[in-house]
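A.B. asks: Please find one structure pasted underneath; my questions will follow.
The values are calculated or read from the model by the stated rules, or taken from the named source; none is laboratory data. All figures in this text were calculated on a predicted structure; none of them were measured in a lab. A quick note on method: Cβ atoms are made from the backbone with ideal geometry, for glycine too, and the neighbour counts reach across all protein chains shown.
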Amino acid sequence: MKLVKNIIFFLLIAFAITFFMQNLTSVPINYYGIEKDSFMVPLFLVILASVFLGIIIAGIEDIVIRLRLKREIKEQKKRIISLEKELNSLRSLPITDSGIYQEKKEEKIVSPSEENKPI
């Protein structure tokens with residue numbers, strides 16, 4: 001596997017070198033209408049700078065996402081701990097008859113003939 005990675009790496013380096021050698025023409029840099037003829041840069045440097053700028057922006061975004069996820073994990077761990085404490089406290093409560101069963105015992109069974117009787 002390491003051999004395959006090295007071969008791919010060297011192929012990418014060879015591609016980059018040939019790309020840079022074929023794009024040596026200088027281009028002017030324009031920014032919001034500001035033109036300077038003295039600020040001529042080879043095309044491959046403009047492309048290379050754009051790639052590195054994209055990598056840096058993506059890296060910053062990745063760091064922000066990772067920090068947000070770490071904070072969320074900490075919050076979830078705290079919530080798990082509090083819910084486990086609540087569960088343990090509920091498990092230690094004695095089991096008693098709830099009011100549901102008592103209400104059913106007190107409920108009077110009414111026959112259909114008694115329902116229609118006037119009071």
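A.B. asks: It is to be established whether one or more residues within the range 33-44 are assigned to a strand (DSSP E or B), at pLDDT 85 or above and either at positive phi or loosely packed, with under 13 Cβ neighbours inside 10 Å (or both). Steps first, answer last, please.
C.D. replies: Step one: filter the range 33-44 for residues assigned to a strand (DSSP E or B), giving 34-42.
From what is left, the residues that are at pLDDT 85 or above are 41-42.
Retained after the next criterion (residues that are either at positive phi or loosely packed, with under 13 Cβ neighbours inside 10 Å (or both)): 41.
Yes, the range 33-44 has at least one match.
A.B. asks: Go through the range 9-32 and give me each residue that's in a helix (DSSP H, G or I) and either among the hydroxyl-bearing types (S, T, Y) or at pLDDT below 80 (or both). Even if it seems obvious, please write down each step before you answer.
C.D. replies: Filtering the range 9-32 down to residues in a helix (DSSP H, G or I) leaves 9-22.
Within the range 9-32, just T18 meets the criteria.
A.B. asks: Collect the residues in the range 1-35 that are of a type in the set (S, T, N, Q) and in contact with a Phe, Trp or Tyr (Cβ under 8 Å, 6 or more places away or on another chain), keeping them in residue-number order.
C.D. replies: Of the residues in the range 1-35, the ones of a type in the set (S, T, N, Q) are 6, 18, 22-23, 25-26, 30.
N23 - this is the single residue of the range 1-35 that is of a type in the set (S, T, N, Q) and in contact with a Phe, Trp or Tyr (Cβ under 8 Å, 6 or more places away or on another chain).
A.B. asks: Among the residues of the range 50-91, what is the count of those that are within 30 Å of I29 (Cα to Cα) and of a type outside the set (D, E)?
C.D. replies: Residues meeting the conditions: 11.
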